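The values are calculated or read from the model by the stated rules, or taken from the named source; none is laboratory data. None of these values were measured; they are calculated from a predicted model. Positions of Cβ are backbone-derived with ideal geometry, glycine not excepted, and every protein chain shown enters the neighbour counts.
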Amino acid sequence: MADDMNKMGAPLIFERSKPGARTQMLPPLDVPESLPDPCALRRCAPPLPELAEGEVSRHFSLLERRAFGVNNGFYPLGSCTMKYNPKLNDEMAALPGFADIHPLQPEHTVQGCLEALSRLDVILREITGMDAVSLQPAAGAQGEFTGVMMIKAYHESRGEGSIRTKMLIPDSAHGTNPASAAMNNYTVVTIPSDENGCVDINALRASAGSDTAGLMLTNPNTLGLYEPNVAELTRIVHDAGGLCYYDGANLNAIMGRARPGDMGFDAAHLNLHKTFAAPHGGGGPGGAAVCCKAFLSEYLPSPIVTNDNGAFTLDCGGSSSIGSIHAFYGNFLVCLKALCYLLSLGRDGVTLASSNAVLNANYLMRKLTAPDNAILLDGKPPRACMHEFVLSLKKLKSATGVSALDVAKGLLDEGMHPPTMYFPLIVDEALMFEPTETESRDELDAAAQKITALLNRAFTDPESLRSAPRSTPVRRPDEVKAARSPTLRYGCRTAQ
């Protein structure tokens with residue numbers, strides 16, 4: 001990692017450090033000194049870098065310029081909805097009445113904050129067709145895990161916890177779906193896709209039975225397709241005594257037009273930091289909502305914001321609650337940004353946003369699957385997609401040796417963030433594009449032109465793609481080694 005940083009022309013902050021460098025930012029102590037018990041004190045100072053404030057500022061400004069985000073250019077990362085976040089949201093979240101509160105303040109001193117959470121609760125119930133909401137989860141994956149915990153608690157309350165041991169999950173599901181099920185001690189039963197890329201309804205029917213705890217489904221799915229038989233899928237699972245869980249990662253395609261609760265789902269999670277335009281990426285902070293039908297509301301994590309004639313409180317719930325899953329009440333400012341986004345759009349704006357997301361995805365797909373590109377693609381793309389689409393470059397790799405990874409690396413040299421690579425796993429040499437509703441037609445045309453040029457270059461100059469990127473500070477790190485043997489401490493190359 002240090003070597004990669006040096007290649008970037010940016011030494012590690014520890015390498016900038018000089019003994020004794022500092023910036024005096026605190027005035028002299030003017031109150032009696034009070035130290036903790038000596039046994040709680042460090043025996044030696046922590047090995048922190050020593051720099052002047054100006055050097056610290058320059059270091060992180062340099063790293064910022066090396067990063068790439070939606071403000072830098074096109075960012076079509078599939079299944080992640082990396083869209084522009086209106087700055088109004090940040091301005092509202094920075095207001096002192098929101099930003100300067102403390103989580104241990106008495107409820108009567110933060111009524112406005114609790115009212116904001118309550119208003120977001122109401123709006124999300126309307127969007128999802130659900131009856132109750134928790135805003136506690138810190139991200140989508142934790143929200144998903146929470147929803148499965150609630151399903152497990154429901155079955156256990158009925159004395160069926162040891163009987164219903166299997167969770168049905170499509171083979172195109174997000175990787176967190178089987179992980180959430182396994183972490184709740186469920187056996188994952190993989191349901192294959194049919195020839196159209198949707199859930200094989202006959203396979204689901206054959207798998208559902210008395211041992212079924214539930215179904216975890218993303219709709220639209222990870223191929224960017226709306227499940228045409230979704231009502232039948234949820235009915236099959238309900239008839240078997242299981243519950244249906246909605247992965248809301250792709251809600252951006254249908255918000256304002258279709259509701260998970262109306263499709264037959266009993267619980268769902270929504271990504272506030274994706275669908276509702278709180279910043280996403282770079283490690284967070286994230287935020288999620290878990291929504292459910294009334295019969296599951298007693299299992300929601302606590303506390304829940306309640307409204308009693310305009311008096312807002314945090315209700316810790318009853319004995320059936322799965323308990324707290326986050327310190328205090330989740331990432332409050334992320335929730336606030338989502339509320340600001342929804343209020344600024346209004347009902348019609350929410351519907352327009354999802355419609356434009358679908359329009360942009362179909363427009364870009366048509367540009368990339370035009371007849372002159374047909375030789376480059378493996379398989380026939382769908383006639384229409386929702387918010388995202390998946391292309392297979394298997395045919396291109398066979399003809400030229402250029403892989404989907406090579407094309408993605410080539411896009412970096414074009415000033416574009418690559419789409420998702422090699423997902424879903426059921427598509428060979430997959431590239432998944434999600435342009436989102438915030439991109440203009442001019443940007444989509446420019447992106448399509450760059451992508452098409454790269455695909456054609458695979459035939460005329462394949463080596464230029466296999467050696468890409470050339471313009472980035474770090475070119476092709478060993479990603480397998482980084483995942484399996486990361487260096488986690490500076491100065492300790494063998495730390496695992």
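Annotations for the structure displayed:
- Residue list for the range 38-68, restricted to those being of a type in the set (Asp, Glu) and over 22 Å from residue 489 (Cα atoms): 53
- Answer from 433, 459 - the residue that is under 30 Å from residue 194 (Cα atoms), aromatic (Phe, Trp, Tyr) and at pLDDT 90 or above: 433
- Strands (runs of 3 or more DSSP E) completely within the range 237-312 that count 2 or more residues being crowded, with 24+ Cβ neighbours inside 10 Å: 243-248, 267-271, 288-292
- The single condition among (1) under 20 Å from the mean Cα position of the chain (by Cα); (2) surrounded by fewer than 21 Cβ atoms within 10 Å (Cβ to Cβ) that residue 170 does not satisfy is (2).
So that you can scan it fast, the table gives a plain yes or no per residue for (1) in contact with a Phe, Trp or Tyr (Cβ under 6 Å, 6 or more places away or on another chain); (2) touching a residue at least 24 places away in the same chain (Cβ under 8 Å); (3) part of a strand (DSSP E or B):
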{"position": "167", "(1), (2), (3)": "yes, yes, yes"}
{"position": "172", "(1), (2), (3)": "no, yes, no"}
{"position": "179", "(1), (2), (3)": "no, yes, no"}
{"position": "189", "(1), (2), (3)": "no, no, yes"}
{"position": "195", "(1), (2), (3)": "no, no, no"}
{"position": "203", "(1), (2), (3)": "no, no, no"}
{"position": "210", "(1), (2), (3)": "no, yes, no"}
{"position": "220", "(1), (2), (3)": "yes, yes, no"}
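- The one condition from (1) at pLDDT below 95; (2) surrounded by fewer than 16 Cβ atoms within 10 Å (Cβ to Cβ) that residue 440 does not meet is (1).
- Just one of the listed residues (250, 271, 229, 219) is in contact with a Gly (Cβ under 7 Å, 6 or more places away or on another chain) and not basic (Lys, Arg), namely 271.
- Of all residues in the range 332-343, none satisfies being more than 26 Å from residue 255 (Cα to Cα), at pLDDT below 95 and assigned by TED's automatic domain parsing to the domain that holds residue 116.
- Some residue of the range 481-490 being surrounded by 13 or more Cβ atoms within 10 Å (Cβ to Cβ), charged (D, E, K, R) and over 25 Å from residue 196 (Cβ atoms): no
- Any chance residue 50 is of a type in the set (D, E, K, R) and either within 23 Å of the chain's Cα centre (by Cα) or on the phi > 0 side of the Ramachandran plot (or both): no
- Restricting the range 149-166 to residues that are among the small types (Gly, Ala, Ser) and under 10 Å from residue 299 (Cβ atoms), the residue that is surrounded by the most Cβ atoms within 10 Å (Cβ to Cβ): 153
- Check on residue 297, free of Cβ contacts under 8 Å to residues at least 12 places away in the same chain and hydroxyl-bearing (Ser, Thr, Tyr): no
- Of all residues in the range 13-39, those that are over 20 Å from residue 51 (Cα atoms) have Cβ atoms under 8 Å from Cβ atoms of residues that are surrounded by fewer than 10 Cβ atoms within 10 Å (Cβ to Cβ) and at pLDDT below 90, 6 or more apart or on another chain, in 35/41.
- Among residues of the range 357-370 that are not assigned by TED's automatic domain parsing to the domain that holds residue 453 and of a type in the set (Val, Ile, Thr), none has a beta-carbon under 9 Å from a residue that is assigned to a helix (DSSP H, G or I) and modelled with pLDDT under 95 at least six positions away or on a different chain.
- In the range 425-483, the residues that are within 16 Å of residue 413 (Cα to Cα) and among the charged types (D, E, K, R): 450, 457, 461, 463, 466, 470, 475, 476
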